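Bear in mind these aren't lab numbers, they're just calculated from the coordinates by the rules spelled out. Predicted model, so just to flag it, every value in this text is computed and none were measured. Cβ placement follows ideal geometry from the backbone for every residue including glycine, while neighbour counts extend to all protein chains displayed.
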Amino acid sequence: MSEAMVEVKNLKKHFDIGNGVLLKAVDGVTFSIKRGETLGLVGESGCGKSTLGRTIIRLYENTDGEVLFKGKNAHQLKGRDAAQFHRDVQMIFQDPQASLNPRMTVMDIIAEGLDIHGLSKGARADRVKELLELVGLSKAHASRFPHEFSGGQRQRIGIARALAVEPEFIIADEPISALDVSIQAQVVNLLEDLQQDRGLTYLFIAHDLSMVKHISTRIGVMYLGKMVEMASSNELYAEPLHPYTQALLSSIPIPDPTVKRERIILQGDLPSPANAPSGCVFRTRCPKAIPQCSAEVPEWKEVGSNHWVACHLYQ
Ligand code: SF4
């Protein structure tokens with residue numbers, strides 16, 4: 001598990017929101033994802049994590065920087081190469097209700113990506129039934145419509161749709177946030193089983209750290225369009241360095257009543273990405289800010305083996 005499948009280099013996605021104002025949803029993010037690993041990505045709503053996922057998969061064009069997928073610049077692929085990229089990289093969305101066309105049968109939803117292969121009707125139906133069974137549904141479900149399913153089942157349909165074209169890399173954008181807690185573990189387990197069977201690579205986006213620990217090999221933490229820390233899942237939980245990561249972790253209850261962790265309550269609201277603070281974007285809420293923090297942008301720096309952080313306290 002050493003080859004980098006995805007390399008994101010100084011990626012930026014800015015939106016022009018009028019009057020010369022730029023909303024810097026993703027603002028200079030650099031990291032890579034190895035083949036077969038799961039990179040968890042967390043941060044509050046509005047931190048840019050979904051925009052980052054959508055820019056990687058080319059639902060948005062990039063403003064600057066690049067995304068290399070298996071060594072090729074994804075945003076410059078054309079023709080056959082672009083079509084192959086759109087098969088190799090698939091997305092699972094947060095709200096299965098909204099992402100499945102209510103007027104289409106499950107058969108047609110899952111087969112959409114297959115249809116360019118010109119399969120016979122029988123082969124198409126067989127493939128969809130196989131995919132339904134793979135995600136824990138029954139082949140009898142193929143003729144039904146999305147509203148006839150529970151939230152967890154709809155997410156399974158979304159996963160089957162993504163798998164139909166045999167992708168290598170899946171961006172899962174908050175795939176369990178809209179589901180009941182009792183169902184979340186089932187969907188995470190399904191994603192893990194599929195990863196083991198098919199060697200999939202995942203970018204797993206979630207809004208809090210408790211959701212990603214179990215599934216992630218490494219975890220990245222975003223704040224206001226920037227990546228602020230990234231480390232192996234175990235190291236990030238055991239030794240968070242960035243004050244924002246420390247605050248996020250302090251809000252997760254520890255199941256052991258003998259262990260006490262002091263809760264760090266962040267003051268103020270998340271600033272607008274259209275008007276980010278100078279220097280370190282976290283400085284207006286950081287309990288450890290020093291004068292340098294308002295004047296200089298902290299460098300994204302590797303401070304330990306594969307442990308990256310952007311904070312003046314470690315430079
Ligand atoms: Fe806090 Fe300064 Fe580090 Fe930013 S650079 S997280 S403001 S200490």
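Measuring from label point to label point, each 7 Å out along Cα→Cβ, what is the Ile254 to Met104 span in nm?
4.8 nm
Dipole size in debye (nearest 20) for the chain around its Cα centre, Lys and Arg Cβ +1, Asp and Glu Cβ -1?
Numbers: 35 positive and 37 negative charges, 72 e Å.
With only Lys, Arg, Asp and Glu charged at Cβ, the dipole is about 340 debye.
If contacts are Cα pairs under 8 angstrom and at least 6 residues apart, what is the relative contact order of region 103-192 in percent?
33 percent
Take every Cα pair under 8 Å in the chain that's 6+ residues apart, average their separations, divide by the length, and report that relative contact order as a whole percent. List each step's numbers first, then the result.
Numbers: 588 pairs, mean separation 62.7, N = 315.
Reported as a whole number, the value is 20 percent.
Using a Förster distance of 45 Å, how high is the FRET efficiency between Leu119 and Asn10, based on the Cβ-Cβ distance and rounded to 0.05?
Approximately 0.65, to the nearest 0.05.
Can you work out the base-10 log of I(q)/I(0) for region 4-314 at q = 0.09, 0.10, 0.12 1/Å, using the Debye formula on its C-alpha atoms alone?
Reported log10 I(q)/I(0), two decimals: -0.49, -0.60, -0.84.
Specify the inter-centroid distance of region 46-74 and region 107-185, based on alpha-carbon positions, in whole Å.
25 Å
What pairs in Lys12/Lys213; Lys49/Lys226; Lys34/Lys70 have C-alpha atoms more than 20 Å from each other?
Lys12/Lys213
Over region 1-66, what is the relative contact order in whole percent, taking alpha-carbon pairs under 8 Å and six or more residues apart?
Computed value for region 1-66: 41 percent relative contact order.
Hey, got the Cα dimensions of region 12-168 along the principal axes, in Å, largest first?
So the three principal-axis extents are 52, 32, 32 Å.
Please check: in the Gaussian network model of the chain (C-alpha springs, under 10 Å), which one of Lys226, Lys72, Lys24 has the largest mean-square fluctuation.
Lys72
So how far apart, in nm, are the two label points at Leu313 and Asp95 if each is 7 Å from Cα heading toward Cβ?
In this crude label model, Leu313 to Asp95 measures out at 3.7 nm.
Could you order peptides 59-66, 258-265 by the average number of other Cβ atoms within 10 Å of their residues, highest first?
59-66, 258-265
Identify, among Asn234, Ile219, Ser45, the residue whose Cα sits farthest towards the positive end of the charge dipole of the chain, taking +1 on the Cβ of Lys and Arg and -1 on the Cβ of Asp and Glu, with the dipole about the Cα centre.
Farthest along the dipole direction, towards plus: Ser45.
Take peptides 167-177, 29-39 and line them up by average Cβ neighbours within 10 Å, highest first, as a rough protection proxy.
The packing order, highest mean first, is 167-177, 29-39.
7 Å from Cα along Cα→Cβ at both Glu192 and Arg127: what's the point-to-point distance in nm?
It works out to 3.1 nm between the two label points.
Can you pull the Kirkwood radius for region 163-315, inverse mean 1/r over Cα pairs, to one decimal in Å? Don't skip to the end; give the middle numbers.
Values: mean 1/r = 0.0579 Å⁻¹.
For region 163-315, the Kirkwood estimate is 17.3 Å.
Just check region 12-94 against the gyration tensor rule for me: Cα atoms, a ≥ b ≥ c as the square roots of the eigenvalues, rounded for a/c under 1.5, and otherwise prolate or oblate depending on whether a/b exceeds b/c. Intermediate values should be presented prior to the final figure.
Details: a/c = 1.93, a/b = 1.34, b/c = 1.44.
Oblate.
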